[in-house]
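Q: My questions will all concern the structure given below.
What follows is calculated from the coordinates using simple rules that are stated; it is not laboratory data. Note that the coordinates shown come from a computational prediction; the quantities given were computed from them, not determined experimentally. We place every Cβ from the backbone using ideal geometry, glycine too, and count neighbours over all the protein chains shown.
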Amino acid sequence: MVALQPAARAIPGHDMSIELRRAVALPAKLLTWLGSQGTRAAAALVVIGVAAPPLGKLLKPYVTEAIFLLLCISFMRVDVAALRGYLRRPGIVLAATAWTTLAVPLIAGMVSRAVGADRYAPDVFLALMLQAVASPMMASPSLAALMGLDATLVLITLVTSTALVPLTAPIFAYLFFGNALTLSPLGLGLKLALILAGSLLVAGIVRWSIGAAAIARHKLPIDGLNIIVLLVFVSAVMGNVAGNLFAHPARTLGLTALAFAVFFALVGATALIFRSVGRELALGLMVSQRNMGLMVAATEGVLPGTTWLYFALSQFPIYLSPQLLKPIVKRVGPAIRAADA
């Protein structure tokens, strides 16, 4: 007589781990696919932001959280070896910080006044000066990483310039606006400090928990997460573009052309100044992407409609830049990597 074997019992923990892996697999695949789209995905954000105003209205309350997450991801992915190298030779970081924090707003103010923008188009002048005195955008390291540029240099310069902006922005505002614009340097400085310190802490905990090697292995899913977080920011700030285009097409197109002109002027000037250090595209991308959002927050949102519209339209060149500059990056990228080897 053959003895009957008891039926195998399911191991609850084992089944749970299998189900958990299956639940995580699909989102991970989607993030990997999205991350592999790179510059195309960044360009698509602009289309979504303009075409879906209700989405922008829904996501607008979460802009601060999106900026925080973008910085966490940037700090988490920092190349520690490259960071140490820049700290040992801080000349390029100091020069880039001085250029973006001091020279850019000074030149912008002088040129704008020379052409009479402060008299004939005061709302546009206000928008240009807010753009000039702002620090680089907190998403710029993420966009640099998507393009294969030196995100570590961008991140370090972003941090140093952001730390100075609470001191420099009110000075330039007073020089060019007098009492027309009131900034709160203490409030802005505190907000920036909390965002930077908090994101650095979170990134440090993540790196310590899972390790730099695991972060490097999951580059594409992390890029995909970058794209999703960027969608929150872009949708929130571009929700009013379509309405303005239909209501005031000439003004909207003119401001769009101005936004592109300013963007490429900053990229070109920065590339010429830093062409000898081999990081001109990374620095040009960073300097051209100004964080007007925090400057608007510092003014408590009391801004003319044209200034708000320019702020939204200035996102076009920022998020289309990975695609627009892709041919240049492909040409100079191998030479930069060869120089680093």
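Q: Considering only F264, P322, T307, whose Cα is most displaced toward the positive end of the charge dipole of the range 36-340, charges sitting on Cβ of Lys, Arg (+1) and Asp, Glu (-1)?
A: P322
Q: If all Cα-Cα distances of the range 36-340 are sorted into 10 Å bins from 0 onward, what percent lands in each bin, rounded to whole numbers?
A: Going from the shortest bin to the longest, the percentages are 6, 28, 38, 22, 5, 0.
Q: Counting other beta carbons within 10 Å of each Cβ, put K191, K29 in order, fewest first.
A: Fewest to most other Cβ atoms nearby, the residues stand as K29, K191.
Q: Suppose each label sits 7 Å from its Cα in the direction of the beta carbon; what would the V111-D79 distance come out to in nanometres?
A: My value for the distance between the label points is 3.1 nm.
Q: To continue, here is another question. For R88 and Y120, FRET efficiency with R0 = 35 Å and r from the beta-carbon atoms, rounded to 0.05?
A: 0.10
Q: Same structure, new question: Nearest 0.05, what FRET efficiency do V277 and I210 give at R0 = 30 Å with Cβ-Cβ as r?
A: It comes out at approximately 0.35.
Q: Under 21 Å between alpha carbons, and skipping anything fewer than 8 positions from K219 in its own chain: which lysines qualify?
A: Answer for K219, where 21 Å is the Cα cut-off: K29, K326, K330, listed by chain and number.
Q: I've got another one for you. Once R0 is set to 41 Å, what does the formula 1/(1 + (r/R0)^6) return for the Cβ-Cβ distance between A197 and I48, expressed as a FRET efficiency to the nearest 0.05?
A: About 0.80, to the nearest 0.05.
Q: If you don't mind, another one. Need the full-extension length gain, Y174 to A257, defined as separation in residues times 0.36 nm minus the C-alpha distance. One decimal, nm.
A: Length gained, Y174 through A257: 27.1 nm.
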